[in-house]
Amino acid sequence: MKVTVVGAGAVGASCAEYIAMKDFCSEVVLVDIKEGFAEGKAMDLMQTASLNGFDTKITGTTGDYSKTAGSHVAVITSGIPRKPGMTREELIGINAGIVKDVTANLVKHSPEVIIIVVSNPMDTMAYLVHKTSGLPKHKIIGMGGALDSARFQYRLAEALEAPISDVNGMVIAAHSDTGMLPLLSKATRNGVPVTEFLSDEQQKYVIEETKVGGATLTKLLGTSAWYAPGAAVSVMVQAIACDQKKMIPCSLMLEGEYGQNDICLGVPAIIGKNGIENIVNITLTADEQLKFAEAANAVREVNGDLKF
Ligand SMILES: NC(=O)c1ccc[n+]([C@@H]2O[C@H](COP(=O)([O-])OP(=O)(O)OC[C@H]3O[C@@H](n4cnc5c(N)ncnc54)[C@H](O)[C@@H]3O)[C@@H](O)[C@H]2O)c1
Ligand SMILES: O=C(O)C[C@H](O)C(=O)O
C-alpha cells in the first residue's frame, strides 16, 4: 500500500509519522512545494525507524508527482493554516487554488487514488475536489469528523471525570466553529447515555468547547493543531489500507441523504478498501436536524465563493 501526503508541514508530517508508527503501509511519499522540505522531513522521519521499530519507507519530493504514481491513498494537507482570530473559511482564497492544482497532479499520476482532504475550509475543499477531480464520489473523503469526535470525547471525559476509553461520541455536520454538531444525545459512557451523568450546564460546556476546539488550540499555539489532526488522518488511512469497515464521520458528497444535495458535509460512513463503502443514516432529534440544515446553508454559502 502506497500513500502520498501532500504538504510536509505540521499536519502532513504528523500524519506521515503516525502512519509509519502503525506500520501498515509499505510506502509513504511526502510532497511539498518548498525546496528540500519534504525530502528533509522524510529523512528525519526515516531516522526514527530503527528507534520506533517500523519498516514503512518514507520518501520526500519537491513537487515531482511522478514519485507519487500508483498511490492507493493521497492525503491533501497543502495550504495555509489559520492564525489566532481567523476562521477556517478565511483560508479559501489561497487554499482553493492549491487544492485544485494538487488534485489534478495526484489524479494524473494515480487515476485510481482515494483522496482524503484535510486543507481548510475542509468541507468546501472536499466539494472542490469532487467538482474538479473526475473521481467517483466514494473516493473523496473529507477529514473533520474523526478529529472533532476525538475532541468531543476529550471534553466528555473531562466533564465526566472518566478515562477517555470509557467514552464514545460523534460529531457530524460542518468542520467549522459554528457548524459542528456534537451528538450529545447519542454519546455514552460504557453504553450509558452521558446525559444521565452531566448537568445541563456541563452538557453546554462540552458542546461549546468541542465546537471551538480548533480555535482554542490556534490561540494557544499561534497556528492550528497537528498531533490530533495527523492521528485522525492515520486512522482513516488505516481503515482503508486494512479494509476495516470502520464507522467514521467524514465529509462526503450528499445526494439526498440527511435531506441535502450537492454538498460535502460530515456524516457517519463505513470506511474500507474502496473508500466510502456506505453512508450511515442515523436518526437525529428535531433540534439536531435543524442544526444540520443550518450548517449546510453556511457551507453552501462558502462553496458559492469557489471558481472552477
Ligand atoms: N481538516 C482538519 O481537521 C484540519 C486539521 C488541521 C489542519 N487543517 C488544515 O490543513 C492545512 C495544513 O495545515 P498545517 O498546519 O500542516 O500547515 P503548514 O503550513 O505547517 O503546512 C502546509 C504545507 O503545505 C505546503 N504547500 C503549500 N502549497 C503547496 C503546494 N501547492 N503543493 C505542495 N505543498 C504545498 C507548504 O509549503 C507547507 O509545508 C491548513 O489548511 C489547515 O487549516 C485541517
Ligand atoms: O482549527 C483549524 O483551523 C485547524 C483544524 O481545522 C482543526 O480543527 O484543528
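The values are calculated or read from the model by the stated rules, or taken from the named source; none is laboratory data. What you are looking at is a predicted structure, and each value in this text was computed from that prediction instead of being measured. Counting neighbours? That spans all protein chains shown, and the Cβs are built from the backbone with ideal geometry, glycine included.
Is there any pair with a first residue in segment 124-149 that is assigned by the TED database to the domain that holds Ala228 and in contact (Cβ under 8 Å) with a residue 40 or more places away in the chain and a second that is in a loop (DSSP other than H, G, I, E, B) and more than 14 Å from ligand 1 (Cβ to nearest atom) whose Cβ atoms are under 6 Å apart and which are 6 or more apart or on different chains, and what are they?
Close Cβ pairs satisfying both conditions: Ser149/Met170.
If you check Val117 against the conditions, is it crowded, with 18+ Cβ neighbours inside 10 Å, closer than 17 Å to Leu254 by Cα and at pLDDT 95 or above?
It is true that Val117 is crowded, with 18+ Cβ neighbours inside 10 Å, closer than 17 Å to Leu254 by Cα and at pLDDT 95 or above.
Gly275 - would you say it is more than 16 Å from ligand 2 (Cβ to nearest atom), touching a strand residue (DSSP E or B) at 6+ places or on another chain (Cβ under 7 Å), small (Gly, Ala, Ser) and on the phi > 0 side of the Ramachandran plot?
So Gly275 fits the description; yes.
From the list Ser71, Ser66, Ser78, which residue is farther than 20 Å from Ala10 by Cβ and either within 20 Å of the chain's Cα centre (by Cα) or surrounded by 15 or more Cβ atoms within 10 Å (Cβ to Cβ) (or both)?
Matching residue, one of Ser71, Ser66, Ser78: Ser71.
Could you please find all residues in segment 267-308 being closer than 24 Å to Phe24 by Cβ and either assigned to a strand (DSSP E or B) or of a type in the set (Gly, Ala, Ser) (or both)?
Pro268, Ala269, Ile270, Ile271, Gly272, Gly275, Ile276, Glu277, Asn278
Give the residue that is surrounded by the fewest Cβ atoms within 10 Å (Cβ to Cβ), with candidates limited to residues of segment 267-301 that are over 15 Å from Met253 (Cα atoms) and polar (S, T, N, Q).
Restricting to residues being over 15 Å from Met253 (Cα atoms) and polar (S, T, N, Q), the top hit is Thr283.
Looking at segment 79-97, I want the residues that are in contact (Cβ under 8 Å) with a residue 24 or more places away in the chain and have a partner that is within 8 Å of ligand 2 (Cβ to nearest atom) and β-branched (Val, Ile, Thr) with Cβ atoms under 6 Å, at least 6 apart or on another chain. Which pairs are those?
Final answer for the pair search is Arg82/Thr218; Pro84/Thr218.
Only residues that are among the acidic types (Asp, Glu) and under 20 Å from the mean Cα position of the chain (by Cα): list them for segment 258-308, please.
The answer is Asp262, Glu277.
Does Thr210 meet the test of being within 15 Å of ligand 1 (Cβ to nearest atom), assigned by the TED database to the domain that holds Gly97, touching a residue at least 40 places away in the same chain (Cβ under 8 Å) and on the phi < 0 side of the Ramachandran plot?
No, not satisfied.
On the given criteria, is Asn52 within 11 Å of ligand 1 (Cβ to nearest atom), surrounded by fewer than 22 Cβ atoms within 10 Å (Cβ to Cβ) and either modelled with pLDDT of 95 or more or not assigned by the TED database to the domain that holds Tyr127 (or both)?
No; evaluated as a whole, the condition is false for this residue.
Go over the candidates Leu91, Leu160, Leu147, Leu156 one by one and state the one that is more than 23 Å from Gln238 (Cβ to Cβ) and surrounded by 24 or more Cβ atoms within 10 Å (Cβ to Cβ).
Residue meeting the stated conditions: Leu156.
Looking for something at pLDDT 95 or above, within 16 Å of ligand 2 (Cβ to nearest atom), farther than 28 Å from Lys307 by Cβ and not in a strand (DSSP E or B) - is there at least one such residue anywhere in segment 77-95?
yes
Take the residues in segment 94-114 that are of a type in the set (Val, Ile, Thr) and more than 20 Å from Val237 (Cα to Cα); name whichever of them is surrounded by the most Cβ atoms within 10 Å (Cβ to Cβ).
Looking at the filtered set, the residue picked out is Ile98.
So which residues in segment 28-54 are assigned to a strand (DSSP E or B) and either touching a Cys at 6+ places or on another chain (Cβ under 6 Å) or farther than 15 Å from Ser234 by Cβ (or both)?
Val29, Val31, Asp32
Is it true that Ala231 is more than 13 Å from ligand 2 (Cβ to nearest atom), crowded, with 17+ Cβ neighbours inside 10 Å and assigned by the TED database to the domain that holds Ile263?
no
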